[in-house]
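The values are calculated or read from the model by the stated rules, or taken from the named source; none is laboratory data. Keep in mind that this is a model prediction, so the values were computed, not measured. Neighbour counts are summed over all protein chains in view; Cβ atoms, including those assigned to glycine, are modelled from backbone coordinates with ideal geometry.
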Amino acid sequence: MYYRRAGRIPPKRHSRFRAPDGALYHEELQGEEGFSGNQSFLYHRRIPTAISAARTLPRAGPELVRNDPLLPRHLRTQDLAPRGDAVHDRFTLAGNAELTLCFAAATETGPLYRNAVGDELVFVASGTAVLESPFGALPVHAGDYVVIPCSTTHRWAVGDGPLRLLIVEAAGGGHVRVPRRYLSPTGQILDGSPYNERDVRAPEGPPDGGDARDGPVDVVVRTRDATTLYTYDNHPFDVVGWDGCNYPWALDIREFAPSTGALHLPPPTYLTFEGPGFVVCSFVPRLFDYHPDAVKVPFNHSNVDSDEVLFYWAGDFMSRTGSGIGQGSVSLHPAGFIHGPQPGSAERSLDAVRTEETAVMIDTFAPLRLGAEVGRIEDDQYAWSWSRLDPARGSGPESPEPTTQTLR
Ligand SMILES: [Fe+2]
């Protein structure tokens, strides 16, 4: 993100900066890509590296299974009962080598947590929370995207619960970014982009809480091969000031202001984030296409290079009428499957002026596997909905029932 500063920092990096008692503050650089990417500089009251214990936690890696037979899927996150916290109690929806997509319905404030594998992009589906980090407190609410840079120690402090979170854990290297095409050569968000710096919220820092931020304190650290519980001598939030371009930030999806057109515009119009191996788009309330002959719902399409996940957050979803999709649903339309609106919705769309839907789309560039437990929340009739709703198909005894069979 763009440059910010909070609290007290010295005029020069790597220079003498003393507390009122004369002790040197402890400078920490948190940066990306080996000192060659975005960086922030934080100033701790106490040494941030001192640990007194480390133990391995049971690996909570996602268990994934093949999407076999290859089918479009409808997963109902609205059926996940609230439980636990936003770190230990994640339900895996899907994943591949580059990301894991999961969901949490947290009722409790979580542990101090640091994901050192990759950035996390979180969409807050319901509830309120404060994302606490060494950069300060970032209050978040339903409708917010939250970008948490890799290796940022943080804690989800639940406010109004349950806190329902759609979480993208990036694992393919690289980071979650503002799309390149929205940026000037030196990184300013260009006019005409669907959001800009004014829409971005950053932590209200610095977080230093005096003695309340003293240690020892446990931190869960997730790396590629292990999850480790460290006991730190000093609290990681004992920061008196920071500056830089690497920090957690939030964007309310309602601030996303897309272009509209005479005829249907494709999903890249709604591009919101670029990540390693995936992109994220925001479908928000907007005017429909204004050509007098416009068909307002999407055309059938087959994307050979991506799997498409949609999280249906708010409003009504006209293109999915009759399919069982509702608020909280996740659809997965895999590469190799031609998908489009349910029968009848194109005709119904013709006189519509605007849409009130809000949905988050995650397109992955490699095929997704399914979370091993998704059968608990899957609507197993979704794959047949285009056929079932087709008035040309009829419903007589000659109509075959849908079958699922794996060919060996
Ligand atoms: Fe699609």
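Considering segment 330-358, and only residues there that are in contact with a helix residue (DSSP H, G or I) (Cβ under 7 Å, 6 or more places away or on another chain) and in a strand (DSSP E or B), the residue that is nearest to the ligand (Cβ to nearest atom) turns out to be V330. None of V309, V304 is modelled with pLDDT under 95 and aliphatic (A, V, I, L, M) except V304. Being outside any strand (DSSP E or B) and in contact with a Phe, Trp or Tyr (Cβ under 9 Å, 6 or more places away or on another chain) holds for only one residue in D289, D305, and it is D305. May I ask you to list the residues in segment 359-393 that are within 16 Å of the ligand (Cβ to nearest atom) and either assigned to a loop (DSSP other than H, G, I, E, B) or under 23 Å from the mean Cα position of the chain (by Cα) (or both)? Within segment 359-393, A359, V360, M361, I362, D363, T364, F365, P367, L368 qualify.
For segment 151-199, taking the residues that are within 18 Å of P139 (Cβ to Cβ) and small (G, A, S), the one that is surrounded by the fewest Cβ atoms within 10 Å (Cβ to Cβ) is identified as G159. Can you tell me which residue is farthest from A335 (Cα to Cα) among those in segment 351-402 that are at pLDDT 95 or above and polar (S, T, N, Q)? The selected residue is T358.
Of all the criteria given as (1) within 18 Å of T223 (Cα to Cα); (2) at pLDDT 95 or above, the one not satisfied by H88 is (2).
The single residue among V280, V297 that is within 14 Å of A359 (Cβ to Cβ), aliphatic (A, V, I, L, M) and either assigned to a loop (DSSP other than H, G, I, E, B) or touching a helix residue (DSSP H, G or I) at 6+ places or on another chain (Cβ under 6 Å) (or both) turns out to be V297. Could you say whether any residue in segment 6-17 is polar (S, T, N, Q) and either under 32 Å from the mean Cα position of the chain (by Cα) or part of a strand (DSSP E or B) (or both)? There is no residue in segment 6-17 that is polar (S, T, N, Q) and either under 32 Å from the mean Cα position of the chain (by Cα) or part of a strand (DSSP E or B) (or both). State yes or no: is D243 closer than 24 Å to E27 by Cβ, modelled with pLDDT of 95 or more and not in a loop (DSSP other than H, G, I, E, B)? Spelling it out, D243 is indeed closer than 24 Å to E27 by Cβ, modelled with pLDDT of 95 or more and not in a loop (DSSP other than H, G, I, E, B). Between G159, G143, G192, the distinction of being in contact with a helix residue (DSSP H, G or I) (Cβ under 7 Å, 6 or more places away or on another chain) and more than 20 Å from H235 (Cα to Cα) belongs to G143 only. For segment 320-368, the tally of residues that are under 13 Å from P72 (Cα atoms) and among the aliphatic types (A, V, I, L, M) stands at 6. The residues listed here are D85, D89; of these, the one that is free of Cβ contacts under 8 Å to residues at least 60 places away in the same chain, over 26 Å from Y270 (Cβ atoms) and outside the structural domain of A335 (by TED's automatic domain parsing) is D89. The set of residues in segment 271-316 being touching a His at 6+ places or on another chain (Cβ under 9 Å) and within 13 Å of the ligand (Cβ to nearest atom) consists of V297, P298, F299, N300, H301, S302, N303, D307, E308, V309, L310. May I ask you to list the residues in segment 92-121 that are within 28 Å of V217 (Cβ to Cβ) and either assigned by TED's automatic domain parsing to the domain that holds R369 or assigned to a loop (DSSP other than H, G, I, E, B) (or both)? Within segment 92-121, T107, E108, T109, G110, P111, L112, A116, V117, G118, D119 qualify.
Entry remark, segment 200-215: residues being at pLDDT 85 or above and surrounded by fewer than 14 Cβ atoms within 10 Å (Cβ to Cβ) number 1 in total.
Restricting attention to segment 36-69, the residues that are farther than 19 Å from S151 by Cα, surrounded by 14 or more Cβ atoms within 10 Å (Cβ to Cβ) and of a type outside the set (K, R) add up to 3.
Taking segment 338-389, which residues are surrounded by fewer than 20 Cβ atoms within 10 Å (Cβ to Cβ), within 30 Å of G261 (Cβ to Cβ) and of a type in the set (F, W, Y)? F365, W386, listed by residue number.
Just one of (1) at pLDDT 95 or above; (2) more than 16 Å from the ligand (Cβ to nearest atom) fails for G261. It is (1).
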